[in-house]
Amino acid sequence: MTIDKTSLALSFKRANSVMNHSLNRIEQPELTLDIHYWGFMPQHFDNTEHKHSFFEACYVLTGYGSYWEGPNHYALSPGSLFLSRPGVLHSIKSDEGLSLSYVAFEPEVSACSELYQQAFGMLAKQGTPVIQESLLQPPGMLWNSLISLFHHDMTYPPLALQSTALSLILSILVAHGPKLHMDSVDIEMNEEGASIVHQAELFIKDNLSEPLPLQRVANHLHITSRHLTRLFSKYGHQSFVHYVQEQRVQKAKSLLLNSDRQIKEIAVICGFESVHYFTRVFTAKLGVTPARFRRSQFTEGRFDSNL
């Protein structure tokens, strides 16, 4: 398949703008998904090893490279799908640059049916990192269908974008995840433990502007700090400290993109002790300073600089 790079870059720019401003959440009777960001990047080279608290699914349109999960590496080529799971260290390497589309998402556990709770739980634990030759498989076809909506200056109804996006994410769940048994749902996670972690996450998100030591959150939930640490490790797929820091950075990214607040003010709103500490943490996680991140998103058409 021949791809016109100039047309692709224009389509990517439109897709970045529309998808990130209009499709941040998908709600269905049995499934609710929070979409953290969409990305359509004409050229992606190397990035540093990092991890997320959410899923990030990527699709290679052109170029060659490799995807690393710890010591394991997988070849990437046109048509490759790769999935970064919550709490898993990963990185991307490419000498010539990869043309990528990607989406970062997580299910809202309390708004999902038992089946989808199990499905995404299994995806987080056992998901296949890389799938090759996926052009004719549903995820590859749906990625190309989504991108094709932005090939011309046409406006599609929000429902068209939402239905395509939902189909895409569900196809990613099926392609990368273990086989589901619809008639025998064997949930491995303890419901009470998962519920406690969910309550902790909500409390953290609602109080990001304040200090959030482990003991404060544990006291709010009427459990010991040691017990909360264990629950986060088991059900949150990362440490308590990493989750809090990840949420602060995510909120800062949103404010940098969607407000004209000064960086010093954003640091305070997101609970960082000082603008210097905020800059250090943000730069360590994303590889760029907050100021440069804000500038690059609108000059380069990119909505996330750290795949």
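A compact table of results
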read-out	value
Answer label for P(r) over Cα pairs in 20 Å bins from 0, in percent (calculated), chosen among [x] 28, 57, 16, 0; [y] 32, 60, 8; [z] 32, 53, 14, 2	[y]
Overall form of the range 5-176 per C-alpha gyration tensor (a/c, 1.5; a/b vs b/c)	oblate
Derived scalar couplings ³J(HN,Hα) [the range 73-81; Karplus, 6.51 cos²θ - 1.76 cosθ + 1.60; whole Hz; x for Gly, Pro]	10, 10, 5, 10, 8, x, x, 6, 10
Additional length obtainable on full extension of the chain from Lys93 to Ser17, 0.36 nm per residue less Cα span	24.8 nm
Max mean-square fluctuation residue, GNM over the chain, Cα-Cα springs under 10 Å, options Asn144, Asn20, Asn72	Asn72
Total charge dipole magnitude, the range 190-301, about the Cα centre, Cβ charges on Lys, Arg, Asp, Glu only, Debye to nearest 20	380 debye
Computed helical MRE - 222 nm, the chain, DSSP H runs ≥ 4 contributing -39500 (n - 2.57), nearest 500	-15000 deg cm²/dmol
Amide proton proximity set for Tyr37, modelled H, under 5 Å, gap of 5+	Ala104
Percent carbon-and-sulfur accessible area, the range 190-301, ignoring ligands, DNA and RNA, probe 1.4 Å	51 percent
Full-extension gain in nm, Arg25 to His222, via 0.36 nm per residue minus C-alpha separation	67.8 nm
The chain: DSSP helices with Cα axial extent of at least 20 Å and average Kyte-Doolittle hydropathy no lower than -0.5	5-22, 158-176, 191-206, 240-258
Cα-based reach from Lys234 at 21 Å (exclusive), listing lysines while leaving out same-chain residues under 8 positions away	Lys51, Lys125, Lys205
Label-point separation in nm, Ser163 to Gln137, each point 7 Å along Cα→Cβ	2.5 nm
Counted charge near Glu27, where neighbours are those whose Cβ lies closer than 11 Å (Asp, Glu -1; Lys, Arg +1)	-2
Over the chain, relative contact order from alpha-carbon pairs under 8 Å, at least 6 apart, %	18 percent
Accessible area per residue, Å², the range 190-301 with all protein chains present, probe 1.4 Å	54 Å²
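The values are calculated or read from the model by the stated rules, or taken from the named source; none is laboratory data. It should be emphasised that the depicted structure is a prediction, and the values quoted were computed from it without experimental measurement. In this analysis, Cβ positions are derived from the backbone assuming ideal geometry, glycine residues included, and neighbour counts consider all displayed protein chains. Surface areas here come from the heavy atoms of the whole protein model, side chains and all, with no ligands, DNA or RNA. Shrake-Rupley method; radii C 1.70, N 1.55, O 1.52, S 1.80 Å.
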